[in-house]
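Have a look at the structure below before the remarks.
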Amino acid sequence: MREVAIVAYAQSPQVRQEKVLNEVEMLMPVIETALTEAAMTMEDIDFVCSGSCDYIAGGAFSFVGAVDALGATPSKMESHVEMDAAWALYESWLKIQAGEISSALIYGFGKSSVGDLPDVMSQQCDPYYLAPLWPDSISMAGLQASALLATGRYTERDFAEVVVDSRRKAKANPAAQLSGDVEVDALLTAPYIASPLRRHDCCPITDGVSVLIITDKSALPKAKMKPVYIRGIDHRMEAHQLGIRTLSESSSSTQALAQAKQQAGIEQFDIAELYAPFSPQTLILKDALGLDNQVAINPSGGPLAGHIMMSAGLDRFGMSFKTLQHGEAKTALAHATSGPCLQHNMIAILEAG
Amino acid sequence: MDIDLDPIEQFDAPIYHRYHATSSRAITPFLHAMKRGELLGHLSTATGKVLFPPLGACPESGQATQIPVILSDSGTVIGFTTVHLPIPGSKLVPPFTVANILLDGADQACSHLISECGINAVAIGMRVAAVWRSAEVWNNSLENIEYFKPTGEPLVDIDILQQQCLAKAEQRKEPVKGGQNA
C-alpha cells in the first residue's frame with residue numbers, strides 16, 4: 001500500500017448563517033489558506049474532489065459552480081460525491097493507491113441556513129416507503145435515541161454529559177459555533193424537540209466550507225511541515241430501512257474499525273474525532289468502537305459544536321490532523337458517517353509522521 | 001408476487017422546499033447596477049480579462065474578482081441558436097434566437113435574445129445593441145434588456161476579435177507574484 005499523508009487542512013468559521021457570501025466566495029480564501037499551508041499551488045495538485053449536495057442550498061449544480069474557486073485552467077482531473085467530503089477523500093485515497101495521482105485537494109461545503117435542513121434530509125430516504133412520510137433527520141435521530149434508552153445502557157443525563165463535554169472542549173476551537181460551560185442539570189430542563197432529544201442534543205445548523213490536501217509520501221510538499229499518515233481506512237454500510245437495523249448499535253462502525261486496524265497495524269488511539277451529529281450517537285459509536293476513557297473524544301468539540309453539512313466528516317480528518325500536527329497526540333481515529341441514524345460509517349486511523 | 005397486477009406507472013409525490021437565499025458578494029452589486037441600467041462586469045487582475053456577468057471568481061485563476069467595470073450595451077454575436085420548440089413555463093414564443101454575445105470591453109460572452117431581424121439573418125460576427133425596456137420597469141434583473149437587435153454595422157471576424165481581446169487582457173494583467181493561488 002502506498003503511504004498517503006494529510007499535508008494541509010483549512011476550515012472557514014462554522015457560522016450559524018453566512019448572509020453575504022455564496023459557496024464559491026466562501027471556498028476561495030480557504031483553498032488559498034490550505035495551499036499556502038502546504039506551500040503548494042494548484043499546479044502541484046493532480047486531482048480535486050468535492051462533497052456537497054445541491055438540495056442543501058437549493059442551487060442546481062452548485063458543485064459545478066464551485067469549480068470556479070479552483071482556478072480550473074488548465075483543466076484538472078475532477079470528481080464529486082453527493083456525500084460527505086470524507087468520501088471524496090476516500091475516492092482520492094483510492095486514486096493514489098491505484099497510482100493514478102500523487103496529490104489531491106478535497107473540499108466540502110454546505111450552506112444549510114438557506115433551507116430547512118432537517119426536512120431537506122428527508123429527501124435522502126427511499127421514494128416509496130419513507131420519503132412520502134417526510135421523516136426529518138431530527139425525528140429519525142429521536143427514534144435512534146429512544147432505542148438506545150430502551151437498552152438501559154444510557155440515560156438522558158448521559159446525552160447531556162456528551163453535550164457539556166463538547167461545549168467545554170470547543171472553547172479551544174476558534175472556528176466552533178457553540179462552546180462554553182454548561183451544566184447537565186440546566187440542560188435537562190430544556191423542552192424536547194423530538195423526544196428524547198432536546199435542542200442541545202442536535203448539531204447546530206452551520207454554514208461553512210473545509211479543504212484538505214493529501215499526497216503520496218513520494219510527493220510530500222517541500223514546506224517544513226509535519227505530515228499525518230492515513231494508516232488504515234475503511235467504510236461499511238448498513239440497510240437503509242430503519243426498521244431492519246438495530247438502531248442502538250453500529251455494527252458497520254465495528255466492522256470498518258476492524259478492517260482499518262488490520263491495515264494500520266495500530267490497535268490504540270490517543271484521540272477519536274467522531275462524526276456524531278446527535279449526542280446519543282457519540283455513545284453508540286463509543287461502544288461500537290470500544291473506546292475507553294484513555295481515548296480523548298472530539299478534542300475539537302465535534303459536530304455538536306459546529307456541523308458543516310457535507311463536510312463535517314472531512315472535518316474529523318482535518319481536526320485529527322491539527323491535533324496530531326501540534327504534537328498533542330500520536331495516533332487518532334477519524335470517523336465519518338452518512339445516511340440517517342449512522343447508516344454508513346467510515347473509520348480511518350491516522351498517525352503523526 | 002401476483003404477476004397479473006397492473007404495473008403502477010405513475011404516482012404523485014410532490015416535493016416542496018423553501019429556501020431563503022441571498023445574492024452573493026459579487027452578484028449583489030451586479031443586480032443593483034442592472035436596476036440603474038448599467039452593465040457591471042468584473043476585472044480579473046490575474047488574467048486581465050473582464051468577466052460578464054460576474055460570478056465573483058475568476059475561473060482561470062481561482063481568485064476572487066471585485067474590481068467593477070461598467071460595460072457597453074453593444075457587442076458581437078459569437079454564437080447563436082434558434083429555438084423552435086416551446087419551453088414549458090417560458091413566455092417566449094418560438095421560433096426565437098438566443099445568442100452568446102460578447103459585450104464590447106468584455107472577455108466572456110453572455111447569453112440573451114436577438115430580435116428585430118429574421119431568424120435567418122442572424123450571423124456569427126453580427127454587431128448588436130441592447131433594446132432596453134422602459135426605465136420605469138427596471139428591476140434587479142438582466143430582463144431589463146428585452147433583447148438585442150442588429151446595429152447594421154459590418155460583420156466582425158471573431159477570430160480577429162479574440163486576438164484583440166487577448167492582447168488587451170494581457171496589458172491589463174497584473175504581474176505574477178507566485179503561483180496561481182499564491
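Bear in mind that the values in this text are calculations on the coordinates, not laboratory data. Bear in mind that the values here come from a model prediction, so they are computed numbers and not experimental data. Please note: Cβ atoms are built from the backbone with ideal geometry, for glycine as well, and neighbour counts cover all protein chains shown.
A few remarks follow.
- Exposure proxy ranking, count of Cβ atoms within 10 Å, fewest first, for A:Arg316, B:Arg133, A:Arg231: B:Arg133, A:Arg231, A:Arg316
- Helix A:85-97 axis, angle to chain A major axis (alpha carbon atoms, nearest 10°): 40 degrees
- Structure-based [θ]222 nm, chain B - -39500 (n - 2.57) summed over DSSP H runs of at least 4, per residue, nearest 500: -4500 deg cm²/dmol
- On Cα atoms only, tilt of A:279-288 relative to the major axis of chain A in degrees: 70 degrees
- 3J(HN,Hα) along segment B:78-83, derived from phi through the Karplus expression 6.51 cos²θ - 1.76 cosθ + 1.60 where θ = phi - 60°, amounts to 10, x, 7, 9, 9, 8 Hz, with x in place of Gly and Pro.
- Close amide-amide hydrogen proximity is noted between A:Ser103 and A:Asp46, A:Phe47, A:Asp216, each under 5 Å apart and 5 or more residues distant or on a separate chain (H modeled in the peptide plane; Pro and chain starts excluded).
- Over chain A: helical MRE at 222 nm, DSSP H runs n ≥ 4 each giving -39500 (n - 2.57), nearest 500: -9500 deg cm²/dmol
- Extended-chain gain in nm, criterion 0.36 nm per residue less alpha-carbon gap, A:Trp134 and A:Gln263: 42.4 nm
- Residues A:Tyr107, A:Tyr275, A:Tyr192, B:Tyr19, sorted so that the one with the fewest Cβ neighbours within 10 Å comes first: A:Tyr192, B:Tyr19, A:Tyr275, A:Tyr107
- In degrees, nearest ten, helix B:158-172 long axis to first principal axis of chain B (Cα): 60 degrees
- Counting only other chain Cβ atoms within 10 Å of each residue's Cβ, the peptide A:65-77 averages 4.
- Cα gyration tensor, segment B:1-143 - rounded (a/c under 1.5), prolate or oblate: prolate
- Choice from A:Ile244, A:Ile297, A:Ile271 with maximal GNM fluctuation in chain A (Cα, 10 Å cutoff): A:Ile244
- With the alpha-carbon atoms of the protein assembly as shown aligned to their principal axes, the span from lowest to highest coordinate is 82, 64, 52 Å, starting with the largest.
- In range of the label at B:Leu31: residues from segment A:54-69 whose backbone nitrogen is under 11 Å from the point 7 Å along Cα→Cβ: none
- Cross-link partners of A:Lys330 among lysines, defined as those whose alpha carbon lies under 24 angstrom from its own and excluding same-chain residues fewer than eight positions apart: A:Lys169, A:Lys171, A:Lys217, A:Lys222, A:Lys224, A:Lys226, A:Lys261, A:Lys286, A:Lys322.
- The distance separating the Cα centre of segment A:1-71 from that of segment A:287-353 comes to 20 Å.
- For the residues of A:18-31, the average number of beta carbons from a partner chain within 10 Å of their own beta carbon is 4.
- Once C-alpha pairs closer than 8 Å and six or more residues apart are averaged by separation and normalised to the residue number of segment B:1-90, the relative contact order reads 21 percent.
- Computed over chain A: relative contact order in percent, which uses C-alpha pairs under 8 Å that are six or more apart: 26 percent
- In summary, the lysines within cross-link reach of B:Lys49, defined as a Cα separation below 16 angstrom excluding same-chain residues under 8 places away, comprise B:Lys168, B:Lys173.
- Neighbour-count ranking [beta-carbon atoms within 10 angstrom, fewest first] of A:Phe278, B:Phe80: B:Phe80, A:Phe278
- Within straight-line cross-link reach of A:Lys111, lysines at Cα separation under 20 Å, skipping those fewer than 8 residues along the same chain: A:Lys19
- Overall form of segment A:84-198 per C-alpha gyration tensor (a/c, 1.5; a/b vs b/c): oblate
- Among A:Pro196, A:Pro303, A:Pro127, the residue with the largest mean-square fluctuation in a Gaussian network model of chain A, with springs joining Cα atoms closer than 10 Å, is A:Pro127.
- Whole-number percent relative contact order across segment A:198-353, with pairs defined as alpha carbons under 8 Å at least 6 apart: 37 percent
- Of the chymotrypsin sites (Phe, Trp or Tyr not before Pro) in segment A:20-67, the ones in a loop by DSSP (not H, G, I, E or B) with at most 15 other beta carbons within 10 Å are A:Phe61.
- GNM top mover of A:Gly301, A:Gly290, A:Gly318 - chain A, alpha-carbon springs below 10 Å: A:Gly290
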